[in-house]
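Have a look at the structure below before the remarks.
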Amino acid sequence: MSDLAEHARSARGRGRPRGPDAKYRARLLDAALDAFGAQGFEAAGLRAIAAGAGCDVSMVAHYFGSKAELWVAVVDRIEAQVRADLAALDMLAPAAGPIECRIVAAVEAMFVHAARQPQAMRFVMRQLTEPGERLDELVARVVEPVHAVFLPLWQEAIDAGIFRMRSALALQTFVFGAISYAVAAAPVLARMSGGEMDLARLQREFMDGLFARLARGGADADASDAAEERR
């Protein structure tokens, strides 16, 4: 457990509120997730967060203690959901089928989970632009566990010649980045396209491109090898 998380737990205790308290706490977490994702930690104000939750600002101190501890509680929630999602990805194991099918299943799962939690995706993307102790906390608790599950799959795909890349980490970054951007930018893209390019359409376009890449992977690899030999 990180120093930030340990401090937050020791300051506020380990129990979770129940009944009406749990409802107000959840509303503050929702509002904080939106605010931190849209503005970053420093710019997000506690009064605005409390107003978004329909609470007095004193409720932040009551439930969380401080802005920093509220941020840690938001990460607690994201981490719990991410770990639950990862535990359900048994279709990625080699025994689940051919590598091509597992790649498609992995990307579909990433889209489903991202679309179900767009605010969390925006929070993560925003925090990645703010180096420091909070970023280290987020990477250790959320980013690294995701990479630990997906990197073996991408490495297997690279070894099989499906993707012409050397780094599984780079491949994971490109795929995750594309899906994260699609989810975060979906409202803007829908407006720019007159409503035609919604998130479902973006996912279909992405998957169609991936299917095409998988279908011609061998031919692309052979052509690339031949081109390199001619140089």
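The values are calculated or read from the model by the stated rules, or taken from the named source; none is laboratory data. All values reported here derive from a predicted model rather than from experimental measurement. Positions of Cβ are backbone-derived with ideal geometry, glycine not excepted, and every protein chain shown enters the neighbour counts.
Scan segment 49-79 for residues that are surrounded by fewer than 17 Cβ atoms within 10 Å (Cβ to Cβ) and aliphatic (A, V, I, L, M) and the total you get is 4.
Tell me, yes or no, whether segment 134-147 has at least one residue that is assigned by TED's automatic domain parsing to the domain that holds Ala93, out of contact with any helix residue (DSSP H, G or I) (no Cβ under 9 Å at 6 or more places or on another chain) and in contact (Cβ under 8 Å) with a residue 24 or more places away in the chain. Within segment 134-147, one or more residues are assigned by TED's automatic domain parsing to the domain that holds Ala93, out of contact with any helix residue (DSSP H, G or I) (no Cβ under 9 Å at 6 or more places or on another chain) and in contact (Cβ under 8 Å) with a residue 24 or more places away in the chain. When Ala105, Ala87, Ala114 are checked against the criterion of being surrounded by fewer than 14 Cβ atoms within 10 Å (Cβ to Cβ) and within 19 Å of Ala148 (Cβ to Cβ), Ala87 stands alone in meeting it. In segment 29-76, of all residues being among the polar types (S, T, N, Q) and assigned to a helix (DSSP H, G or I), the one that is nearest to Tyr181 (Cα to Cα) corresponds to Gln39.
Being hydroxyl-bearing (Ser, Thr, Tyr) and farther than 15 Å from Gly209 by Cβ is the filter; apply it to segment 175-195 and report the residue that is nearest to the chain's Cα centre (by Cα).
Ser180
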